[in-house]
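Each value in this text was obtained by applying a stated rule to the coordinates, not by laboratory testing. This structure is a prediction, so every number in the text was calculated from the model and none was measured. We place every Cβ from the backbone using ideal geometry, glycine too, and count neighbours over all the protein chains shown.
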Amino acid sequence: MTEVFVVGVPDGGGATLLASLAAASGVWHARTDAASFLDTLPEVESLARERETPRLTAEDAEALGEAARTALREALRDREGRTLDGADAEALAIAGGPGLALRVPFLAAVFPGARFVFVAWPVEESLQRMGGGRPAEEVVEQWRSVTETTLDDLEKLGADRWMAADLAALATDPRNRLRSLCEALGIRYDQALLGPLEDAARIRAAGAAKLDPATAAALPRADGAFARVRALLPATAPSGSSAPESPLRSVYTASFERALEALESSLLISTYQTGKLVCARAREGDLNTHFRNFDKPMGLAVGHGSFFLGTRTEIWDMRDMPAVAAKIEPPGTHDACYLPRNRHVTGDIAIHELTFAENQLWFVATAFSCLATLSLDHSFVPRWKPPFVSELQPGDRCHLNGLCVVDDRVKYVTALGQTDEPGGWRAGKASGGVILDVPSSEVVVSGLSMPHSPRWHDGRLWVLESGRGELCVVDLDSGRSETVVELPGFTRGLTFAGEFAFVGLSQIRESSTFGDLPLVERLEERLCGVWIVDLKAGAVAGFLRFDDLVQEVFDVALLPGKRYPEIAEMGSTAVASSFELP
């Protein structure tokens, strides 16, 4: 096993880098924000109290080495939370945590093949985080002492055993710089690694760190340490400054805007990761993405003059009030205004897709592995569950997620496995997905990779094989799915308009849920947005792509005949001052 130890000053960015690398395929990590794996050992804690310092040296290796090796192995997990069982000479183990910076000689002796990554974060930000109300001189002295001790220890190891990582540069240009770091460490780069660094970049963009006068006055005490760090990490920040781009920014093809114009419609897009419902609206050759806040928005169902939205604990009934739309500035711009009319509280039942059938709203209660409808007297009314699910209890036993209506009846559903244990579907998610016929409860297609969004269109059953990033059509006679087109993301959310399909795409950053899928093997960079597919040609006809904060899409739905609607939020003036009377 090869070990990599992430070291640096307290609150100096090591936890951010470790969180990033821990999401990589094939990496075993002892990730912690509170303590290192060594701090679980009573002997280490006892020594620290006795010496009044957490420092360990090579002289401690004989007494503590075996315990340290055992502690590391027991602490290791992969990105899906699995433990490392048995010896694995090919494993790459990464560990960090407060205190390791002062234990480099010990770690180098106990793990003779180990490598070290010294993480440097802008000193102003490190000192801000380290403060905690302590005197400025004490904080600066701690930073200086830890930095110089760590660099002294690392330089004695030889250049082949350690490297420096500039976290500010990683946050500024995460894709390119993280690729280089991964290559140097022998880690397979994947898009899932970017999240912690992008979060750090957003925090930094929100406002530059400023030191209080006392800390600024104490900085000259650490000039020597500053110089050593600067020599390792040459200035990489671009010169000049500019206003940060919107984290909700997007780009689109002209064909996407033209498609909505031709349909005289707008498109609803739910994205639970950012807590936003997006309405894509075309007007005068431009495409506007209109964001509204909801708590974990998921499934969408469009009715006559309304739409329904499933969220974390509720189902929202949003109704169009044309008279309100006419009053929205500038006059004549909006042709609909959807206001919340009813909210049904279901509790957190992991609502996924919604649809209308038999004059009522049906939805998937994924936590309970069943289909359900609403009742004024109950959280929900269970209507159907797969035959392999033994009881109605929370636990997400098979990840039932999508439902399809044929001739006004719920006909097909998708699930990620035929399992009856809470979370049991996860182990076989890459190829354990199924489509079931609801009336007969029979499996009609199996062996799918995370299927979602079953739809009946033009006399055929369509489905998204999300784990492969594909739009497929189902041959019900043979029980097989046929790929229509491969797309550059995790496909989830599907609606049709004539010969075209609107398909939602997600980047799938959540490596613990989406790791080890065929799509991840095919693409290390996945995209997020909505893609238009020409069904006859089996080709992409346009797209709307989100480029930063929005990284996943759950559902998409057209608002037919509504070119430029408004969606009013709770607490808005429109909600407070608009009334509908019989």
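Note the full-extension length gain between GLU43 and VAL406 as 0.36 nm times their separation in residues minus their Cα-Cα distance, in nm to one decimal.
So the chain would gain 124.0 nm between GLU43 and VAL406.
Based on alpha-carbon centroids, what's the gap between region 512-582 and region 412-487 in Å, whole number please?
Using only Cα atoms to place each centre, the spacing works out to 21 Å.
Full-extension gain between ARG202 and ARG343, please, as 0.36 nm times their residue separation minus the C-alpha to C-alpha distance.
Working it through step by step, the gained length comes to 47.4 nm.
What whole-number volume per residue, in cubic angstrom, does the convex hull of the C-alpha atoms of region 394-526 give?
So the per-residue hull volume is 110 Å³.
Over its Cα atoms, what ratio of radius of gyration to 2.2 N^0.38 Å does the chain give?
With N residues counted in the chain, Rg over 2.2 N^0.38 Å equals 1.11.
Please find the FRET efficiency linking PHE579 to LYS536, where r is the Cβ-Cβ separation and R0 is fixed at 51 Å, and quote it to the nearest 0.05.
Here the calculated transfer efficiency is 0.60.
Show me the three semi-axes of the equivalent ellipsoid for region 2-232, from the C-alpha gyration tensor (sqrt of 5 times each eigenvalue), largest first, rounded to whole Å.
Semi-axis lengths for region 2-232 are 27, 23, 15 Å.
Mind listing which chymotrypsin sites (Phe, Trp or Tyr not before Pro) in region 526-582 are in a DSSP loop and have 13 or fewer other Cβ atoms within 10 Å?
PHE579
Given an 8 Å cut-off on Cα distances and at least 6 residues of separation, report the relative contact order of region 515-582 as a percent.
Answer for region 515-582 is 21 percent.
Rg over Rh of region 250-577, using C-alpha atoms and the Kirkwood radius, what does it come to?
0.95
Take the alpha-carbon centre of region 266-331, take the same for region 39-61, and report the distance between them in whole Å.
Cα centroid to Cα centroid, the span is 58 Å.
Which of the three applies to region 1-136, rounded, prolate or oblate, going by the alpha-carbon gyration tensor with a ≥ b ≥ c and a/c under 1.5 meaning rounded?
Oblate, since a/c reaches 1.5 and b/c is not below a/b.
How high is the relative contact order of the chain? Use alpha-carbon pairs under 8 Å, at least six apart in sequence, and give a whole percent.
Relative contact order for the chain comes out at 12 percent.
Mind listing the phi-derived Karplus ³J(HN,Hα) values for region 375-387, rounded to whole Hz, using 6.51, -1.76 and 1.60 with θ = phi - 60°, and x for any glycine or proline?
The phi angles translate into 8, 4, 9, 9, 4, 6, 10, x, 10, 6, 9, x, x Hz.
What list of ³J(HN,Hα) couplings, whole Hz, do you get for region 260-265 from phi and the Karplus terms 6.51, -1.76, 1.60, once you set θ to phi - 60° and write x for glycine and proline?
Taking θ as phi minus 60°, the curve returns 5, 4, 5, 7, 6, 9 Hz for region 260-265.
Return the loop-located chymotrypsin sites (Phe, Trp or Tyr not before Pro) in region 467-509 (DSSP other than H, G, I, E, B) with at most 10 other Cβ atoms within 10 Å of their own Cβ; answer none if there are none.
none
Label points 7 Å out from Cα along the Cβ direction at LEU157 and ASP477: separation in nm?
Between LEU157 and ASP477, the simple spin-label model gives 6.5 nm.
Go through 15-21, 345-351 and give me the packing order, highest mean Cβ count within 10 Å leading.
Order by mean packing, descending: 15-21, 345-351.
So what is the relative contact order for region 2-232, in percent, with contacts set as C-alpha pairs under 8 Å and at least six apart?
Answer for region 2-232 is 30 percent.
If you filter region 510-568 for trypsin sites (Lys or Arg not before Pro), then keep DSSP loop positions with at most 15 other Cβ within 10 Å, what is left?
LYS536
Explain nothing, just compute: Karplus ³J(HN,Hα) = 6.51 cos²θ - 1.76 cosθ + 1.60, θ = phi - 60°, for every residue of region 292-307 in order, whole Hz, x for Gly and Pro.
Each residue's phi maps through the Karplus curve to give 10, 8, 9, 7, 6, x, 10, x, 10, 9, 9, x, 6, x, 7, 8 Hz.
Compute the FRET efficiency between ALA67 and SER441 as 1/(1 + (r/R0)^6), taking r as their Cβ-Cβ distance and R0 = 60 Å, and round to the nearest 0.05.
0.65
Going down the table (LYS296/LYS429; LYS276/LYS411; LYS385/LYS429; LYS296/LYS536), which pairs top 26 Å between alpha carbons?
LYS276/LYS411; LYS296/LYS536
May I ask for the Rg/Rh ratio of region 314-464, computed from Cα atoms with Rh as the Kirkwood radius, given to two decimals?
In region 314-464, Rg relative to Rh is 1.07.
So what is the calculated 222 nm ellipticity per residue for the chain, using -39500 (n - 2.57) for each DSSP H run with n of 4 or more, over all residues, to the nearest 500 deg cm²/dmol?
-7000 deg cm²/dmol
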